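Worksheet for the structure shown next.
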Amino acid sequence: MMLVVGISGIRLLTKNWLETGFLALLPVTEQQPEIARAIAQHNDQLNRKVIWLTGATSSQTAIVQARQLKQQLQQSGLFSTLLLELPQQQYSKQYQQLFPYRYQLLDAQTQLTLDKNPQELLSQNLETLYSPMGQMTAADLEHDPLLIFSRYFNAQHPLKLSLEQGIVMLHDADKFWALLLTDLTDQHLQLDKLETLLALVNKTTTNVQEAGGELMVTGMPIFTAYGADSAKQEISTVGVGSSLGVIVLLLLTFRSLRPLLLSSLAIGCGLLAAWVVSILVFGKIHIITLVFGASLIGVADDYALHFVCDSFGAKNWRPREGLKYIFPGLLIGLLTNLLSYAGLVFSPFPGLQEVALFSAIGLLVAWLTVVLLFPLLLTGFKPDHAPVILKLTHYWQQHWPVWLLKNKRWLIPVLLVFLAGGLWQVKPRDDVRLLQSAPTALLAITDKIKQLLPVSQENQFFLVSGHDQREWYLNEQQLLRRLNALTQQHKLTQYRGLGDYWPDEQSQQQNYQRLDTALYQSGLLKHYMTELGFSKQAINSELAQFSAAKNRTLSLPEWLATADEEKQQLWLGCDASRCLSRVTLIGITDLPALSDLQNLQGVTWVDQVEQLSSLFARYRLSISVLLIAAYLLVYGGLGLKFGWRNALMITAVPVLAALVALAMLGWCNQLFSLFNLFALLLVLGIGVDDAIFFFMADHSTDDATTEDRRASTSLAVTLSALTTLLAFGLLAASSTEIVHAFGFTVAAGILTALVFSPLVGYKAQNSQI
C-alpha cells in the first residue's frame, strides 16, 4: 500500500498541488447561482490588483522613483499590467468611438440642467471658456460647441486626480506620492511566486528607502503573500517543534533508536498517505491544511507510544502479546479520533474538509503501521532499565488521584464555580475575517492608502436584475439615484454602475429630444454659437450633424467594447430569464443605510463578509448539536462494550476536558467560534483514548499486575499528552486568531484529560479511600 502511495506522491510532485489564496478557505455562497457568479467575478477583480505608491518630499523625486520601481516590477515577470502614465491613446480612441453618439450620451447633471434651465448650461460653458482653464476647453468647441460630450466623457472619470507628466500624483501633509497600478498575471499564485512577490516588495521598499523615499504597497495578493509566509513559518515551527519534542522524549525514555525510528516510520507513513490522498480527492490542498497536518505528528505518535510503552508493563513482554492487550484500546482510540475528524466533514468550509480528510487518513495509516508492522519490527525489544519519567508518572498516578479524592469536598465546588464563571464569559465571534492574519504595519499602510486614494472597492456591492434589458436599466437607475443621495450625505464616497455611463436606447432617444427641444428648436443654440463668434456655415454644419444623428443609438455591447476593463466587469450579461449587473461601492461610511436599499425592485445587497459570518454563526449552532451527539454516540458505544456505569466513568473524562477548555476560553478572553467546537471533537477522541487505557489497565487479565499496567499506561498517556501538547500547543502560537484558538482549546482539553484520566478505575481498586 505504501509503495503505491509513494509512487503516486512522486507523480503529484510535478503538479501545482498547493493552494494559498484566502478565498479558497471559504465556502461557496448558499445564494442563487447568479450571486455566486457575481461574487466570483468581484473577487477575481480584487485578487489581481496591487497598488504601489512611491513617496518623496518633491513630486519630481517621487516620479523618478516610480519609474525605477516600474522597471523592477517589469523584470519580475509577475505582472500582466503596469499602469504608471495614464493611457492617453486609449482615452483618445474611446473619445473618437463614442463621439458620433454625443447627442444621445448625456451625463445626469447635463440632463437635469437641460430640463430645469437650458440657459444655465450655456452660461456654465461661457464661464468655463473665460476661466483660466478655458484655453484647454476651447479646443473642443470646434467639433463640440455645446461641450456636452466633454461633460459626458469627464463624468466617466469622476475622481479628479492631479497629473504630472501623465502620472497620478497624490499629496499629504509632507509628501508627494506617485501612483503605480499593477495586475498580476495569474490570480492563483503558487507558493514560490508568492515568495517572489513578498521578496520583491521587501527589496523595492529597501531600494526606495535607501534613495530617501518611502514605498507603500497594498492589495489582496500582498495579504495572501503575508498569510502564506506566516503559514509556512508556522508549519516549520509546529513540525520541527513536534519532531524535536518526540525525539527528546523517546530518547530519554527508551535510550534506544528503535522506538524513535519506528515512531518516525508511523508518522512519516501517515503524513505521506494523508498528503497524497488529499490531493487526489481535492485536486489541491491549502497551506493551512499543512499547518494542521504538521500538528498531526503529536497525535499520530500516540499509537506508537502506547505500543512501545507497554513493554514496561510486563516482565516477559513480547510484541505480539503486547498488541493483543492494547489492541482494543488502540481500536477504540482510532474510531473515536476518526469520529472526531468526521465531524469536520459536516463543515461548509473547504479548508476544514481538507483538514478532516488529511488528519483521518494520516491517523488511519499511522495506526495500520503500528498494528501491522510493529509486532514484527519490535521483535527482541525489551527495555532493561526503569526510566526516570516512568518513576515520575507511576508516582503521579498513584498519589494524584488520592489527593483529588481526599479533597473532593472543596475541589468540586471550586471546579463548578470555575466552570460556571468561565462559561458565562464565553462570547461567540463569527467574523470570517478572523480566518486571515495580517501584520499591523500592512493594515496601517492599507488604511493610509485608502485615505490618499479613495478608489479601493469594498467587499460589498449591489446586484441589479431585470427580466429584460429595459427593466434592468430602470431598476439600476432607481438604485443609482438613491446612491447619489447617499453620496451627497457623505455616507458613501463613490459608486460605479453602468447606468451612470450608458443610457439605454429609449433613454438615448429621450436625450436627443431633450437637446432638440431645449436648445435647437428654441434658437438658443444659434444665439449661443453666434455670440461665441461661430460663422453661419459652422452653425448650419452643427444643425446638419444634429439632424443626421436623430436615429442613432449605441447598443450596450458596442459601448462595452469601448469601455475599460473595470466597467466591462460591471455587466454580467443576459440569459433567457434575466439581465444582471453589479454596482460597486467605494468608501462606505454607513453600511446600514446601504443595506436598506435591497428593498428596491430588482436589487440584491451582496455582503460576502456578512453572509459568511452569518454562515459561521448558523453552523456554530449546528455543530454544537453535532458535538453533543458525538459525545452521546461514544457513550452509547462504550456502554454496549463495557457497561453503562463504566462508560459513564470513561466518557466523563472528555466531557470534563471539554467543559474546562471552554471555561478557559472565557477566563483567558480567547476567541470562541465554530472552530473551537471542532477542537472539542478532537478533545473527545484524545480524552476517550486516555480514559480507555487506564480502564483497561485496571481490568487487565494477563500475567502482568494491575499496578504494572497502570504504571506503563500512565507513562504512555503522559508521553502522548506531552507530544500532542507540543503539536497543538504550538498551534496556539499562531498569528491567525482562529488557528490560535483551535490550538489553545485542544491544548487545554488535553491537559485536563491528562489530569483526570488516572481517576478512571482508581476508585474501584482503592475502595478504602
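Quick one: which of 537-548, 169-180, 516-527, 97-108 comes out on top by average Cβ neighbours within 10 Å, and what's the full order, highest first?
Working: 537-548: 13.5, 169-180: 17.4, 516-527: 15.8, 97-108: 20.1.
So the peptides 537-548, 169-180, 516-527, 97-108, ranked by packing, come out 97-108, 169-180, 516-527, 537-548.
Phi angles of region 64-74 translate, via the Karplus equation with coefficients 6.51, -1.76, 1.60 and θ = phi - 60°, into HN-Hα couplings of 4, 5, 5, 5, 5, 5, 4, 4, 5, 5, 4 Hz per residue; Gly and Pro are given as x.
Among 612-620, 752-760, sorting by the average number of other beta carbon atoms lying within 10 angstrom of each residue, highest first, gives 752-760, 612-620.
For ILE588, the amide hydrogen comes within under 5 Å of the amide hydrogens of THR493, counting only partners 5 or more places away or on other chains and with H modelled in the peptide plane.
Determine the shape class of region 174-294: with a ≥ b ≥ c the square roots of the Cα gyration tensor eigenvalues, call it rounded for a/c under 1.5, and otherwise prolate if a/b is greater than b/c, oblate otherwise. Verdict is oblate for region 174-294. Taking 4.7 Å between C-beta atoms as the pairing limit, the chain has these partnerless cysteines: CYS269, CYS309, CYS668.
Straight Cα distances below 17 angstrom link LYS550 to the aspartates and glutamates ASP144, ASP504, GLU505, ASP516, GLU542, with same-chain residues fewer than 8 positions distant left out. Residue-wise HN-Hα couplings along region 470-479, as the Karplus relation 6.51 cos²θ - 1.76 cosθ + 1.60 with θ = phi - 60° gives them from phi, are 5, 5, 4, 4, 5, 5, 5, 4, 4, 5 Hz; Gly and Pro carry x. Taking Lys and Arg as +1 and Asp and Glu as -1, the other residues whose beta-carbon sits under 15 Å from that of SER340 total -3. Note that the chain presents 44 Å² accessible area per residue, ligands and nucleic acids not counted, probe 1.4 Å.
Take the cross-link list LYS193/LYS232; LYS49/LYS175; LYS49/LYS567; LYS203/LYS284; LYS315/LYS382; LYS324/LYS382 and give me the ones stretching past 20 Å between alpha-carbons. Can you show the working numbers first?
Numbers: LYS193/LYS232 14 Å; LYS49/LYS175 24 Å; LYS49/LYS567 15 Å; LYS203/LYS284 30 Å; LYS315/LYS382 9 Å; LYS324/LYS382 17 Å.
The pairs that break the limit, which is 20 Å between Cα atoms, are LYS49/LYS175; LYS203/LYS284.
Label zone (THR379, point 7 Å along Cα-to-C-beta; backbone nitrogen cut-off 17 Å) within region 313-342: 317-324. Short-range pairs are left out: with C-alpha atoms under 8 Å and at least six residues apart, the relative contact order of the chain is 20 percent. Each peptide in 413-424, 111-122 was scored by the mean count of other Cβ atoms within 10 Å over its residues; highest first, the order is 111-122, 413-424.
What does the charge add up to near PHE358, with Lys and Arg as +1, Asp and Glu as -1, over the other residues with Cβ less than 15 Å from its Cβ? Don't skip to the answer; put the middle values down first.
Working: positive: LYS284; negative: GLU19, GLU354.
Once positives and negatives cancel, what remains is -1.
Count the net charge of all other residues whose Cβ sits under 15 Å from the Cβ of THR752, scoring Lys and Arg as +1 and Asp and Glu as -1. Could you put the intermediate results ahead of the total?
Numbers: positive: none; negative: ASP689, ASP690.
Taking every other residue near THR752 into account, the sum is -2.
Remark: the chain carries a charge dipole of roughly 2200 debye about the Cα centre, counting +1 on each Lys and Arg Cβ and -1 on each Asp and Glu Cβ.
Whole-Hz Karplus values for region 560-566 come out as 4, 5, 9, 7, 6, 4, 4 Hz, taken residue by residue from phi with 6.51 cos²θ - 1.76 cosθ + 1.60 and θ = phi - 60°; glycine and proline positions read x. Charges on Cβ only, +1 for Lys and Arg, -1 for Asp and Glu, centred on the Cα centroid of the chain; of LEU215, ASN540, MET1, which one is farthest towards the dipole's positive end? It is MET1, whose Cα lies furthest towards the positive end. Taking the C-alpha atoms only, the angle from helix 674-698 to the longest principal axis of the chain is near 10 degrees. When the helices of the chain are scored as -39500 (n - 2.57) per DSSP H run of n ≥ 4 and the total is divided over every residue, the value at 222 nm lands at -22000 deg cm²/dmol.
Ignoring ligands, DNA and RNA, what percent of the 1.4 Å accessible area of the chain is carbon and sulfur? Mind dumping the intermediate values first?
Numbers: 19890 of 33870 Å².
Reported share for carbon and sulfur atoms: 59 percent.
So between GLN545 and THR440, what do we pick up on full extension, going 0.36 nm a residue minus the alpha carbon distance?
Values: separation 105, 0.36 × 105 = 37.80 nm, distance 5.94 nm.
Roughly 31.9 nm would be gained on extension.
Shape of region 368-416 from its Cα gyration tensor (a ≥ b ≥ c, root eigenvalues): rounded if a/c is under 1.5, otherwise prolate when a/b > b/c, or oblate? Walk me through the numbers before you get to the answer.
On the way: a/c = 6.08, a/b = 2.30, b/c = 2.65.
It comes out oblate by the Cα gyration axes.
Modelled spin labels at LYS450 and ALA561, positioned 7 Å past Cα toward Cβ, are 3.9 nm from each other.
Once you have a ≥ b ≥ c as the square roots of the Cα gyration tensor eigenvalues for region 299-412, tell me rounded if a/c is under 1.5, and otherwise prolate or oblate according to whether a/b is larger than b/c. Write down the numbers at each step before the final one.
Details: a/c = 2.83, a/b = 1.19, b/c = 2.38.
Verdict is oblate for region 299-412.
Direction-averaged projected area, Cα convex hull, the chain: 40.5 nm², rounded to one decimal.
The values are calculated or read from the model by the stated rules, or taken from the named source; none is laboratory data. Small disclaimer: the values here were computed from a predicted structure and weren't measured. Positions of Cβ are backbone-derived with ideal geometry, glycine not excepted, and every protein chain shown enters the neighbour counts. To get the accessible areas, we keep the full protein, side chains included, count just its heavy atoms, and leave off ligands, DNA and RNA. Shrake-Rupley method; radii C 1.70, N 1.55, O 1.52, S 1.80 Å.
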